[in-house]
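Chemist: I'd like to ask you about the structure that follows.
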2 protein chains.
Amino acid sequence: MPSWKCQQCGFEEDLYSRYYWKCPRCGSPLTLLYSVSGEITGSKNTWRRYSGFLPFIPEKYRGEGLTPVVAEKTGTHSLLFKLDYLNPGGSFKDRGTALAIYYGFKMGFKKCVVDTSGNTGISVTLYSKLYGLDSVIVMPREAPEGKKKAIRQLGGLVIETEGRIGATKTVQDYISEPGYYYVAHLWNHIYIVGHATIAYEVYEDVGVPDYVIAPVGSGGLLLGLVYGFEKLRETGRASKVPRVIAVQGYSVQPVYVAMYGEALHSEPSTLADGIMVSNPPRLAEIVSAIKRTGGEVVLVGNSEIARAHKALWEWGFTVEPTSATVLAAYEKISKKIPENSSVLLVLTGSGLKTL
Amino acid sequence: MPSWKCQQCGFEEDLYSRYYWKCPRCGSPLTLLYSVSGEITGSKNTWRRYSGFLPFIPEKYRGEGLTPVVAEKTGTHSLLFKLDYLNPGGSFKDRGTALAIYYGFKMGFKKCVVDTSGNTGISVTLYSKLYGLDSVIVMPREAPEGKKKAIRQLGGLVIETEGRIGATKTVQDYISEPGYYYVAHLWNHIYIVGHATIAYEVYEDVGVPDYVIAPVGSGGLLLGLVYGFEKLRETGRASKVPRVIAVQGYSVQPVYVAMYGEALHSEPSTLADGIMVSNPPRLAEIVSAIKRTGGEVVLVGNSEIARAHKALWEWGFTVEPTSATVLAAYEKISKKIPENSSVLLVLTGSGLKTL
């Protein structure tokens, strides 16, 4: 039976517990512990195939995951684009949300709430409806209009706040009321084990790459990738874990600062609205994961993001600007990557909703 | 070696020919003939798996096809939703375009042109860029702004015309110039064999359904579905072909008129902008295909489409209004469908681009 554990103070709790995201003793993010058999079995059309890597399988399926990998050769590297913007809610967040909302449903909740820059709001509304939960999405007024419209059309209630920090504050009013499941995607370890499915799919489609480049806001994607590739190694399926290149923008760079001790300033990076998380709860884990893989943090700015965004569209990848940070980062560090390496670039969110 | 044949007058031509869409003798749409082995082999991550059903496999891959199937039980039926709006260009058209643009590239063209209500324009621009072709997309001024923006961002040139009929007229100016590959998706049989991949994927994922409901504009989707399911039967893989329910809107209903001899008038159906094709070149083939399967034509209008569109979003299917015609049609005829039948509803286009 899976259980929650605080890696800081040792607090433990069963799977279905009111303490599923934050340790009630020391305030650290909790970790979901469960046995990973490493078995991969059954037809390749839902995550049932990856039951051996997941804590539970949701009852309902909406087309999450199993997204394409597209390979492009450059002169020196094999670039592997993971088209995760082709998830049903238009972003990789559906991987975590499909599990996290099912968990809230199993706990008996009828309403859920989340603070988000946008994509998680679409995802949470989509899966909440599926299980009959009402959803309240607290998000910054400046978030792209398309994201708000999508949430409303999916049947969610949008509450607009002053900035991403305002959203984090406002969500507290809901959490303190009884009956609300707080999705807590910046904390909830279920998101990390959900995002890890990217690693299992890539492993099956093209093998374990030498490098992975991923944008980092809360770090859920990066931690999921490292979790997944490490589980593949632990279960004897793979012999290596890719080096992880974490991408942040100059405007909000807590992971860079935590890695290298000081900030690096240049132009703003406001185009990458999806990764402007100034205080990621799992910051120490993110730094540890990057270091374990021998990876690094790369910062990018608006002019680089805009150029990479244009290039991605003209290559046929209809992504949002935040997703273009990975190509911008690749262009900055490609000379440091050894010849003939394979490099996985996770394309995280659809640009169709922000046209 | 595949070849083109006119089923009306017997005209024949090799695969790589300037006569690939319209018979130069009698003006009928041409058919692509090639041997179908029915073999399905290799990993399930690109269409290479379906080489035994396709005339050729494009060199490049952009994530087309292999979309999820989501099952929902109603009281009496098993509804199977094919999430084809999760294609890279946001619609099922990518299936045909991935093959059709590769064909134009192999013919040596450097430029292509198409007249479209929108989705084909996105798809054609996306695949043209991939092979280094310039694309000119001729489309009605009234088409959704999001579709035009997507085409421009992908690097295509949008030419706006008065209505869908204006587009068909304007495209003639380009075709008469040398050097332009006319994609001719309303005629080009390559689209039909491309769309047939839906049938192979559904067959592998959930088996052959009892019914298929598909929106019909030019009829390429419907003809592709029937082609695919008939090839599965011809090659001994399946024992039946589903009954096909063709959906049109009250505003533009040539298939209904051809089937039943007279029009049926009610409210307008302008929300279904993707299927307003008043003169489909393959009309006779469409009628013949529907009749062969024991199928029928169902008409829907704006109030039914709007209701079905809202319901689909709240079920988590982020489709455009045209795609909602299939649910509207199902609701109208569900009482006529025997209990315990499985019903495939093809969800054709993403609604994220028209938020």
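Chemist: Where does each of B:ILE137, B:ILE57 land when they are ranked from fewest to most other beta-carbon atoms within 10 angstrom?
Modeler: Numbers: B:ILE137 31, B:ILE57 15.
Lowest to highest Cβ neighbour count: B:ILE57, B:ILE137.
Chemist: I need the peptides B:296-306, A:27-37 ranked by packing, meaning the mean over residues of other C-beta atoms within 10 angstrom, with the highest value on top.
Modeler: On the way: B:296-306: 20.5, A:27-37: 16.1.
For the peptides B:296-306, A:27-37, the packing ranking is B:296-306, A:27-37.
Chemist: Another question, then. Using θ = phi - 60° and the Karplus form 6.51 cos²θ - 1.76 cosθ + 1.60, what ³J(HN,Hα) does each residue of segment B:228-235 get, whole Hz, x for Gly and Pro?
Modeler: x, 5, 5, 5, 4, 6, 4, 8
Chemist: What's the local net charge at B:GLY194, with K and R +1, D and E -1, over the other residues with C-beta under 10 Å away? Provide the component values of the computation, followed by the final result.
Modeler: Working: positive: B:LYS93, B:ARG95; negative: B:GLU64, B:ASP94.
Local charge sum for B:GLY194: 0.
Chemist: For segment B:99-171, calculate the relative contact order in percent as a whole number, restricting contacts to Cα pairs under 8 Å that are 6 or more residues apart. Show your work: numbers first, answer last.
Modeler: Values: 123 pairs, mean separation 23.6, N = 73.
Taking the mean separation of contacting Cα pairs over the length of segment B:99-171, I get 32 percent.
Chemist: Which percentage, to the nearest 5, of the DSSP beta bridges contained in the protein assembly as shown is antiparallel? Walk me through the numbers on the way to the answer.
Modeler: On the way: 31 of 95 bridges.
The answer is about 35 percent antiparallel.
Chemist: Also: Near B:HIS77, within a Cβ-to-Cβ distance under 10 Å, what is the net charge of the other residues, with Lys and Arg +1 and Asp and Glu -1? Spell out each step's value before the answer.
Modeler: Numbers: positive: B:LYS73; negative: B:GLU72, B:ASP210, B:GLU339.
Summing Lys and Arg as +1 and Asp and Glu as -1 gives -2.
Chemist: How would you rank A:TRP315, A:TRP47, going from fewest to most other Cβ atoms within 10 Å of each one's own Cβ? Please report the intermediate quantities before stating the final value.
Modeler: On the way: A:TRP315 18, A:TRP47 22.
Ranking A:TRP315, A:TRP47 by Cβ neighbours within 10 Å, fewest first, gives A:TRP315, A:TRP47.
Chemist: For each pair in A:LYS310/B:LYS129; A:LYS129/B:LYS310; A:LYS148/B:LYS310; B:LYS5/B:LYS169, compute the distance between the two Cα atoms and list the pairs where it is over 22 Å.
Modeler: Checking Cα-Cα distances, B:LYS5/B:LYS169 exceed 22 Å.
Chemist: Sticking with this structure for a sec: Enumerate cysteines in the protein assembly as shown without a disulfide-compatible partner, where compatibility requires another Cys Cβ under 4.7 angstrom.
Modeler: Isolated Cys, the protein assembly as shown: A:CYS112, B:CYS112.
Chemist: Here's another thing I want to ask about it. Arranged by the count of other C-beta atoms within 10 angstrom, fewest first, what order do A:MET107, B:MET1, B:MET139 take?
Modeler: Numbers: A:MET107 13, B:MET1 9, B:MET139 27.
Least crowded to most crowded, the residues run B:MET1, A:MET107, B:MET139.
Chemist: List, shortest first and in nm to one decimal, how far the label point of A:TYR34 (7 Å from Cα along Cα→Cβ) is from its counterparts in the other copies.
Modeler: 4.4
Chemist: Per-residue Cβ counts within 10 Å, from other chains only, averaged over B:340-348: what number is that? Mind showing how you got there, number by number?
Modeler: Working: counts 0, 0, 0, 0, 0, 0, 0, 1, 0.
Averaged over the peptide's residues, the number is 0.
Chemist: Karplus couplings for segment A:147-158 from phi (6.51 cos²θ - 1.76 cosθ + 1.60, θ = phi - 60°), rounded to Hz, Gly and Pro as x?
Modeler: 5, 5, 4, 4, 4, 5, 5, 7, x, x, 9, 8
Chemist: Would you mind putting A:160-169, B:172-181, A:93-102 in packing order, based on average other-beta-carbon counts within 10 Å, highest first?
Modeler: Details: A:160-169: 16.6, B:172-181: 13.9, A:93-102: 28.1.
Sorting A:160-169, B:172-181, A:93-102 by mean packing, highest first, produces A:93-102, A:160-169, B:172-181.
Chemist: I need the inter-copy label distances for B:PHE56: point set 7 Å along Cα to C-beta, values in nm with one decimal, smallest first.
Modeler: 5.2
Chemist: Nm distances between the label at B:PRO268 and the same-position labels in the remaining copies, 7 Å along Cα→Cβ, shortest first?
Modeler: 4.2
Chemist: Please list 3J(HN,Hα) in residue order for segment A:256-264, calculated via the Karplus relation 6.51 cos²θ - 1.76 cosθ + 1.60 where θ = phi - 60°; whole Hz, with x for glycine and proline.
Modeler: Karplus values, whole Hz, x for Gly and Pro: 4, 4, 5, 6, 10, x, 8, 7, 10.
Chemist: Right, here's the next one. Output the pairs from A:LYS60/B:LYS353; A:LYS82/B:LYS111; B:LYS44/B:LYS231 with a Cα-Cα distance over 21 Å in this structure; if there are none, say none. Write out the running numbers ahead of the final one.
Modeler: Working: A:LYS60/B:LYS353 26 Å; A:LYS82/B:LYS111 29 Å; B:LYS44/B:LYS231 19 Å.
From A:LYS60/B:LYS353; A:LYS82/B:LYS111; B:LYS44/B:LYS231, over 21 Å: A:LYS60/B:LYS353; A:LYS82/B:LYS111.
Chemist: Please average, across the residues of A:147-154, the number of beta carbons from any other chain that are within 10 Å of each residue's own beta carbon, and give a whole number.
Modeler: 3
Chemist: Taking the Cα centroid of segment A:278-354 and of segment B:167-244, what is the distance between the two, rounded to the nearest whole Å?
Modeler: Value for the Cα centre distance between the two parts: 37 Å.
Chemist: Same structure, new question: Taking Cα pairs under 8 Å and at least six residues apart, what relative contact order does chain A come out at, in percent? Mind showing how you got there, number by number?
Modeler: Details: 765 pairs, mean separation 60.2, N = 355.
17 percent.
Chemist: Here's something else I'd like to know. Just to confirm a number: summing +1 for Lys and Arg and -1 for Asp and Glu over residues other than A:GLU234 whose beta-carbon lies under 15 angstrom from that of A:GLU234, what do you get? Mind dumping the intermediate values first?
Modeler: On the way: positive: A:LYS231, A:ARG233, A:ARG237, A:LYS240, A:ARG292; negative: A:GLU39, A:GLU230.
Once positives and negatives cancel, what remains is +3.
Chemist: So what is the 222 nm mean residue ellipticity for the protein assembly as shown from helices alone, if each DSSP H run of at least 4 adds -39500 (n - 2.57) and you divide by all residues, rounding to the nearest 500 deg cm²/dmol? Let's see the in-between values first.
Modeler: On the way: 22 runs with 247 residues, N = 710.
My calculation for the protein assembly as shown gives -10500 deg cm²/dmol from helical runs alone.
All of the numbers you see were taken from the coordinates with simple rules; none came from a lab. Everything numeric here is computed off the predicted structure, so don't read it as measured data. Positions of Cβ are generated from backbone atoms using ideal geometry, with glycine treated the same way; all protein chains shown enter the neighbour counts.
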